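Reading through the structure tokens given below for one structure.
The values are calculated or read from the model by the stated rules, or taken from the named source; none is laboratory data. Since this is a predicted model, take the numbers as computed values, not measurements. Here the Cβ is made from the backbone with ideal geometry for all residues, glycine too, and neighbour counts use every protein chain on show.
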Amino acid sequence: MATQMMVREERPDAEAAVASLLRAIGEDPEREGLSRTPERVAKALAFLTSGASRGPLDVLNGAIFTESYRGLVLVRDIEFYSLCEHHLLPFFGRAHIGYLPAGRVIGLSKLPRLLDVYARRLQVQERLTEQVARAVQQAIQPRGVAVRVEAAHFCMMMRGVEKQESLTITSSFLGDFRSDTDLRQEFFAALRGPEAAAHSPRKRRPAHTIHTPDRLLSRANAETSADPLEGSGARRSGVLTGAPPPVPRGKYPRRVGRRPSRQRS
Ligand code: ZN
């Protein structure tokens, strides 16, 4: 009765469906731990799919500016979380969005928001990649757009082939990026730039592991922990192992795997 009185957004169809799903997997939706689960799941799903009712103009309106700069604009390492439409399980990782302006630019903070518009809906990674690229193309008609998405899929990690280390990489190239190999090389070189190396003690790590979700997690830990090694050490024994956490340069030199050749002993 009390819960009926609480002010909250009503999603009766979704809540009934979740309760029904719980019964279908042999659970009792009335038991204490589950009594509010239909409400929580319905609320979470509404948020995780909130991008479906939005479009690129919702975030780009008012954020397009006339500029004469014509070089590569790249916003790299944008984390995102999405839901695979085949299993309703998360896939998450990083996106890199680049373009070559032709008179107009997009406010930089809008590119991550644009990504979220397309990530917060039932998706497949391939479509997400293309939708982001096309949205940038349509918004400012640049000379070219390059989008690369690197993601780990829970439907591959927790079930199915159960591969925790694999990373799925998708790319979309439009305009000059499609026709010009040098431009694509410039885009990829910018993704591997010196900043990326500074984040990682293992510079020679294969490209496909540079942006593993583990690095997202260890970076998040480092940011929330006074001791940068404390949280990341815990992560190392966690599920998403494989890439060691970033080590502050000079502070813990012996944690760095490869010895510099000029090392004194
Ligand atoms: Zn899936």
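None of LEU100, LEU88 is crowded, with 21+ Cβ neighbours inside 10 Å and not assigned by TED's automatic domain parsing to the domain that holds LEU21 except LEU100. The C-beta contact set for the stretch 38-65 (first residue without any contact (Cβ under 8 Å) to a residue 40 or more places away in the chain, second residue outside any helix (DSSP H, G or I) and not aliphatic (A, V, I, L, M), distance under 6 angstrom, 6+ apart or interchain) comprises ALA42/ARG11. Criterion applied to GLY71, GLY98, GLY62 was being more than 11 Å from the chain's Cα centre (by Cα) and part of a strand (DSSP E or B), and the one residue passing it is GLY98. With respect to ARG31, determine if the residue is surrounded by fewer than 14 Cβ atoms within 10 Å (Cβ to Cβ) and either touching a Leu at 6+ places or on another chain (Cβ under 6 Å) or of a type in the set (Lys, Arg) (or both). Considered against the rule, which asks whether it is surrounded by fewer than 14 Cβ atoms within 10 Å (Cβ to Cβ) and either touching a Leu at 6+ places or on another chain (Cβ under 6 Å) or of a type in the set (Lys, Arg) (or both), ARG31 comes out as yes.
What tally of residues in the stretch 104-147 results from selecting those that are assigned to a helix (DSSP H, G or I) and touching a His at 6+ places or on another chain (Cβ under 9 Å)? Adding up the residues that qualify gives 1. Among the conditions (1) under 17 Å from LEU122 (Cβ atoms); (2) small (Gly, Ala, Ser); (3) not assigned by TED's automatic domain parsing to the domain that holds GLU165, the only one that SER82 does not satisfy is (3). Of all the residues in the stretch 46-71, those that are surrounded by 13 or more Cβ atoms within 10 Å (Cβ to Cβ) and among the hydroxyl-bearing types (Ser, Thr, Tyr) number 2. Residue count for the stretch 27-54 under the criterion of being outside any helix (DSSP H, G or I) and either among the polar types (S, T, N, Q) or over 19 Å from the mean Cα position of the chain (by Cα) (or both): the result is 8.
To keep it simple, each residue is scored yes or no on (1) out of contact with any Ser or Thr (no Cβ under 6 Å at 6 or more places or on another chain); (2) more than 17 Å from LEU72 (Cα to Cα).
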| residue | (1), (2) |
| --- | --- |
| ALA95 | yes, no |
| SER109 | yes, no |
| VAL124 | yes, yes |
| GLU130 | no, yes |
| ARG148 | no, no |
| VAL161 | yes, yes |
| ARG178 | yes, no |
| ALA189 | yes, no |
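For the structure I just gave you, tell me whether ILE25 is surrounded by fewer than 17 Cβ atoms within 10 Å (Cβ to Cβ) and either under 30 Å from ARG192 (Cα atoms) or not assigned by TED's automatic domain parsing to the domain that holds PHE187 (or both).
When the stated conditions are applied, ILE25 passes them.
Could you list, in sequence order, all residues of the stretch 62-120 that are small (Gly, Ala, Ser) and within 16 Å of the ligand (Cβ to nearest atom)?
Within the stretch 62-120, SER82, GLY93, ALA119 meet the criteria.
On the basis of being within 16 Å of the ligand (Cβ to nearest atom) and assigned to a loop (DSSP other than H, G, I, E, B), does GLU162 make the cut? Yes.
Among residues of the stretch 165-191 being without any contact (Cβ under 8 Å) to a residue 40 or more places away in the chain and under 24 Å from TYR81 (Cβ atoms), the one that is farthest from the ligand (Cβ to nearest atom) is ILE169.
All conditions in (1) farther than 18 Å from ARG54 by Cα; (2) within 15 Å of the chain's Cα centre (by Cα); (3) aliphatic (A, V, I, L, M) hold for VAL124, with the sole exception of (1). For the stretch 122-157, name all the residues that are surrounded by fewer than 20 Cβ atoms within 10 Å (Cβ to Cβ), within 16 Å of the ligand (Cβ to nearest atom) and in contact (Cβ under 8 Å) with a residue 60 or more places away in the chain. Scanning the stretch 122-157 gives LEU122, PHE154, CYS155.
When residues in the stretch 165-194 are screened for being in contact with a strand residue (DSSP E or B) (Cβ under 6 Å, 6 or more places away or on another chain) and outside any loop (DSSP other than H, G, I, E, B), 13 of them pass.
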